[in-house]
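What follows is a set of notes on a single structure, which appears directly below.
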Amino acid sequence: MKLAIIVGLFIISCAAKTVRQERSFPDDFLFGTATASYQIEGGWDADGKGENIWDYMTHNKADVIKDLSNGDIAADTYNNYKMDVEMMRELGLDAYRFSLSWARILPEGFSHNVNEEGVAFYNNYINEMLKYNIQPLITLYHWDLPQKLQELGGFVNPLFSDWFEDYARVAFERFGDRVKFWITFNEPREICYEGYGSATKAPILNATAVGTYLCAKNLVIGHAKAYHAYNKDFKPTQNGQCGITISVNWFGAATDSEEDQIAAELRRQAEWGLYAEPIFSQEGGFPKELSERVAAKSTEQGYGWSRMPLFTDEDRDLVKGSFDFFGVNHYTAYLVSAAEEHKVQYPVPSLYDDSDSYTYTPDEWPQSASAWLKVSR
Ligand SMILES: *[C@@H]1O[C@H](CO)[C@@H](O)[C@H](O)[C@H]1NC(C)=O
């Protein structure tokens, strides 16, 4: 299962906005490792923690996990955090990136009820790192939504962005005196496409026609609200940075043909432009070519509206430019083709059907133990 392995490695540059000529690491470069709360914490119902979507899924539909395992105990970090930090120290880490379990802090998802024991766990964890000069970096959301919020629609409820801002404010308030790097979401594609637009991650909604797009819109607005909350109410005294981390694999055109070039661009928009362009582009909003394609296909398919929602001008402006850094998780690359011979049958309608592009990796690219990780040439 991807969750168990993906968050293993990361490197972050604090000097994201400076240009350097020589190919060496700057002196202030931080080397670190990373984890996710559900992946390591265990203590799934300890001391007032609420249920999250991974607890719910693995407890109610255990066979979605190949070996029927779950994160009830995981690496038991909840009980052994001091040993974890000891290992960080032995590895010589400068930084450690970890995520907060929303339901451990806010068992019902909303900020009216803060679980002080959950807060105390993270305070202890952070303080233990600081003792050894290990810089804590927090991801607010790494895939484990409180189940109570999922029952209200989760990321496809238009109020999601407000719930996320409230949660982010609790985290900034409680931990921001010591934590200077904030990542709102880890890997929006894995949240929206894999969780809502298909069925490979909790909450396995498989709403192929609209799930990815509805989620993407509310996610980037939620990101922006948290970013602006930090910028306005916390940054002036806490002096940290806030950004987002997106999984950015490379999708290169298989040939120089115009069809393949267009297919590759559409694929990049479908994979990560959907989340990056609203925040990092000059124009804001969803990627142009993909939006046009989804709108046209929606009409052909008999929808009276585009399956990809538009941004109001207000939302567009709120989201555009809401970053201090761009976090990149890069794993591998694919070739992209529009040609019939590479055709893959995707569900109709779905994100990949909308993107009119097919990906493949040449046989001669070295394969790792994970089917989705190859070394591109
Ligand atoms: C997801 O939905 C598609 C149709 O849109 C269907 O073909 C596919 O079998 C479903 N997958 C799962 C795991 O339910």
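The values are calculated or read from the model by the stated rules, or taken from the named source; none is laboratory data. Everything numeric here is computed off the predicted structure, so don't read it as measured data. For neighbour counting, all protein chains shown are included, and Cβ atoms are generated from backbone atoms with ideal geometry for every residue, glycine included. Please note that ligands, DNA and RNA were not included when accessible areas were found on the heavy atoms of the full protein model with its side chains. Shrake-Rupley method; radii C 1.70, N 1.55, O 1.52, S 1.80 Å.
Miscellaneous remarks
- Those residues of region 324-357 which are surrounded by fewer than 21 Cβ atoms within 10 Å (Cβ to Cβ), of a type in the set (S, T, N, Q) and in a strand (DSSP E or B), in sequence order: ASN329
- One residue stands out among those in region 189-206 that are open to solvent by 30 Å² or more (accessible area, probe 1.4 Å) and within 11 Å of the ligand (Cβ to nearest atom): the one that is farthest from GLY71 (Cα to Cα), which is ASN206.
- Among the residues of region 141-160, those identified as outside any helix (DSSP H, G or I) and open to solvent by 50 Å² or more (accessible area, probe 1.4 Å) are GLU151, LEU152, PRO158, LEU159.
- Applying the condition of being assigned to a helix (DSSP H, G or I) and open to solvent by 20 Å² or more (accessible area, probe 1.4 Å) to region 167-182 and asking which residue is farthest from the ligand (Cβ to nearest atom) yields GLU173.
- For region 296-323, taking the residues that are farther than 19 Å from ASN218 by Cα and in contact with a Pro (Cβ under 7 Å, 6 or more places away or on another chain), the one that is surrounded by the fewest Cβ atoms within 10 Å (Cβ to Cβ) is identified as GLN301.
- Evaluation of TYR275 against (1) part of a helix (DSSP H, G or I); (2) in contact (Cβ under 8 Å) with a residue 12 or more places away in the chain; (3) open to solvent by 10 Å² or more (accessible area, probe 1.4 Å) (one fails), failing number: (3)
- Qualifying residue in region 239-262 (condition: within 27 Å of THR312 (Cβ to Cβ) and either free of Cβ contacts under 8 Å to residues at least 12 places away in the same chain or open to solvent by 50 Å² or more (accessible area, probe 1.4 Å) (or both)): no
- In region 36-110, counting only helices (runs of 4 or more DSSP H) that sit wholly within it, the ones holding 1 or more residues that are open to solvent by 10 Å² or more (accessible area, probe 1.4 Å), touching a Gly at 6+ places or on another chain (Cβ under 6 Å) and within 30 Å of ASN133 (Cα to Cα) span 37-40, 77-91.
- Hey, PHE185 farther than 26 Å from LYS320 by Cβ, away from the ligand (no atom under 16 Å from the Cβ) and either open to solvent by less than 20 Å² (accessible area, probe 1.4 Å) or within 14 Å of the chain's Cα centre (by Cα) (or both) or not: no
- Filter pass, GLY211 being under 16 Å from TYR352 (Cβ atoms), out of contact with any Asp or Glu (no Cβ under 9 Å at 6 or more places or on another chain), surrounded by 19 or more Cβ atoms within 10 Å (Cβ to Cβ) and not aliphatic (A, V, I, L, M): yes
- Count of residues meeting criterion [open to solvent by 40 Å² or more (accessible area, probe 1.4 Å) and not hydrophobic (A, V, I, L, M, F, W, C)] in region 278-290: 4
- Qualifying residue in region 300-321 (condition: farther than 30 Å from TYR227 by Cβ and more than 16 Å from the ligand (Cβ to nearest atom)): yes
- Selection within region 111-124 - surrounded by fewer than 22 Cβ atoms within 10 Å (Cβ to Cβ) and within 20 Å of TYR81 (Cα to Cα): ASN115, GLU116, GLU117, VAL119, ALA120, ASN123, ASN124
- Residue list for region 328-366, restricted to those being within 16 Å of the ligand (Cβ to nearest atom) and in contact with a Phe, Trp or Tyr (Cβ under 8 Å, 6 or more places away or on another chain): VAL344, TYR346, LEU351, TYR352, ASP353
- Filter pass, ARG293 being away from the ligand (no atom under 16 Å from the Cβ), touching a helix residue (DSSP H, G or I) at 6+ places or on another chain (Cβ under 8 Å) and open to solvent by 30 Å² or more (accessible area, probe 1.4 Å): yes
- Total residues in region 70-98, condition among the hydrophobic types (A, V, I, L, M, F, W, C) and on the phi > 0 side of the Ramachandran plot: 1
- Residue list for region 294-312, restricted to those being within 25 Å of the chain's Cα centre (by Cα) and in a helix (DSSP H, G or I): VAL294
- The set of residues in region 278-293 being touching a Phe, Trp or Tyr at 6+ places or on another chain (Cβ under 9 Å) and either under 13 Å from PHE311 (Cα atoms) or assigned to a loop (DSSP other than H, G, I, E, B) (or both) consists of PRO278, ILE279, GLY284, GLY285, PHE286.
- Qualifying residue in region 209-232 (condition: within 16 Å of the ligand (Cβ to nearest atom) and at positive phi): no
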